[in-house]
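Just so you know, all these numbers are worked out from the coordinates, no wet-lab data involved. Just so it is clear, the structure is predicted and the values come from calculations on it, not from any experiment. Cβ atoms come from the backbone with ideal geometry, glycine included; neighbour counts cover every protein chain shown.
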Amino acid sequence: MGVRPNYLPGQQPIAEPAISQKFEAAWGKPIPTEQGRGAIEIVQGVEKGKIQGILALGGDATGKIGNAIFEVPIFSVLVDTVSPEKPPYPDVILPGANFAETEGTYTNCERRIQHLHRAFSPPAGKENWEIIAALSTSLGYSMNYKAVSSIDSEIAQLVPILQAGEGGGYSEEGTQWPFFKNGRFDFEDGLNRLRRVESGNYEPLEALTSLS
């Protein structure tokens, strides 16, 4: 989804009022005006006592950086397919689902979106999105997704660069975003635009291309 602390899903700037209003209308909640924290800043926030609770989920959640979080005396929840091999341990461990137990899509580092077909049911009965939805609902924000297709529909509604994926509309060999129009970029001449990027001055994709 292009997770960065100063962007909403799909690399859409959180500081742009029109974008924030779009997400507020869909989610029924106000969008913060300030940017959030990156992964390292989250760890630093935990160490400095600025964060009082944390949910760790995803690849290497019990790795070197992840395990450091559990050393701090705050409430911690881990969703993973394995438990930490040694202390420190989180306060709560919930059984996560691996890729073979998951229905949905996977986006790799070249922006290729591939469909995942669940081969086995998760032993605990819930996929990771269902765990997140249940936790969110318990905390006061209802996530009433009925299936992965419901999430796909919301993504297609809110994230222009992924609109072609509504209803799981990705090819089996994978589809790269941004999605082209008849195999061409979304410029009048159909050609891409390249721009030199100086070190430390990275701009997200939507600043370099015109997307409808």
By residue number, the members of region 122-139 that are farther than 14 Å from THR81 by Cβ and in contact with a helix residue (DSSP H, G or I) (Cβ under 8 Å, 6 or more places away or on another chain) are TRP129
I'd like to verify a number: residues in region 18-38 that are over 21 Å from GLU154 (Cβ atoms) and surrounded by 11 or more Cβ atoms within 10 Å (Cβ to Cβ), how many?
3
Of all residues in region 142-154 being under 23 Å from THR81 (Cα atoms) and assigned to a helix (DSSP H, G or I), the one that is nearest to the chain's Cα centre (by Cα):
ILE151
Under 18 Å from GLY28 (Cβ atoms), among the aliphatic types (A, V, I, L, M) and touching a residue at least 40 places away in the same chain (Cβ under 8 Å), is that true of ILE132?
yes
Can you name the residue in region 1-26 that is touching a residue at least 12 places away in the same chain (Cβ under 8 Å) and part of a helix (DSSP H, G or I) and is also nearest to the chain's Cα centre (by Cα) among such residues?
PHE23
